[in-house]
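A.B. asks: Here you go, one structure.
The values are calculated or read from the model by the stated rules, or taken from the named source; none is laboratory data. Predicted model, so just to flag it, every value in this text is computed and none were measured. Positions of Cβ are generated from backbone atoms using ideal geometry, with glycine treated the same way; all protein chains shown enter the neighbour counts.
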Amino acid sequence: MPDPRQNLGKEGESLAAAYLRQKGWKIEATNYRCRAGEVDIVARSNSHLVFVEVKTRKNTDIISPLRSVHRHKQQRIARAAIYYMKKQGLNSLRTPCRFDVITVNKTTGEVGHWPGAFRFSRGSR
């Protein structure tokens, strides 16, 4: 039997991808997984490569979806992003990229977008 949380997450990721496409972004990958971690959506916005974490909730009273992208999660996303860039033959020091968070509230249908929600440097732990 499918996990209801996984279904909720997949629905949110689909809505987030549709939102980005509507803004004219090109979706390069969804649910990109590697040994370093996972990125929900990899997209292009103009000249930027954007790694998007999607947080979907039925009710935001419990914990802010944006706050749930904690430091450890940010590090895993950033490591997966570096791995993705290497696999694509992109230089991670020369390719403009950023990390966005998109929140989806399934109850209200609201989509929130936080461009540059966090930064990652190779020296951070």
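A.B. asks: Test N91 against the stated conditions and say whether it is free of Cβ contacts under 8 Å to residues at least 12 places away in the same chain, out of contact with any His (no Cβ under 8 Å at 6 or more places or on another chain) and either over 14 Å from I41 (Cα atoms) or of a type in the set (D, E) (or both).
C.D. replies: Yes.
A.B. asks: Same structure, new question: Suppose we keep only residues that are more than 20 Å from R21 (Cα to Cα) and of a type in the set (G, A, S) within the range 41-80. Which one would you say is modelled with the lowest pLDDT?
C.D. replies: S64
A.B. asks: Taking the range 81-97 as the search range and keeping residues that are touching a Phe, Trp or Tyr at 6+ places or on another chain (Cβ under 9 Å) and more than 16 Å from T30 (Cα to Cα), which one is surrounded by the most Cβ atoms within 10 Å (Cβ to Cβ)?
C.D. replies: C97
A.B. asks: A further question follows. Could you run through the range 29-56 and say how many residues are among the acidic types (D, E) and surrounded by 15 or more Cβ atoms within 10 Å (Cβ to Cβ)?
C.D. replies: Residues in the range 29-56 being among the acidic types (D, E) and surrounded by 15 or more Cβ atoms within 10 Å (Cβ to Cβ): 2 in total.
A.B. asks: If you check every pair at least six apart or on different chains, which have Cβ atoms under 6 Å apart with a residue in the range 101-121 that is closer than 13 Å to I77 by Cβ first and a residue that is polar (S, T, N, Q) second?
C.D. replies: F118/Q74
A.B. asks: Checking V101 against (1) within 12 Å of the chain's Cα centre (by Cα); (2) farther than 14 Å from V52 by Cα, only one condition comes out false. Which one?
C.D. replies: Tallying (1) within 12 Å of the chain's Cα centre (by Cα); (2) farther than 14 Å from V52 by Cα, V101 fails exactly one: (2).
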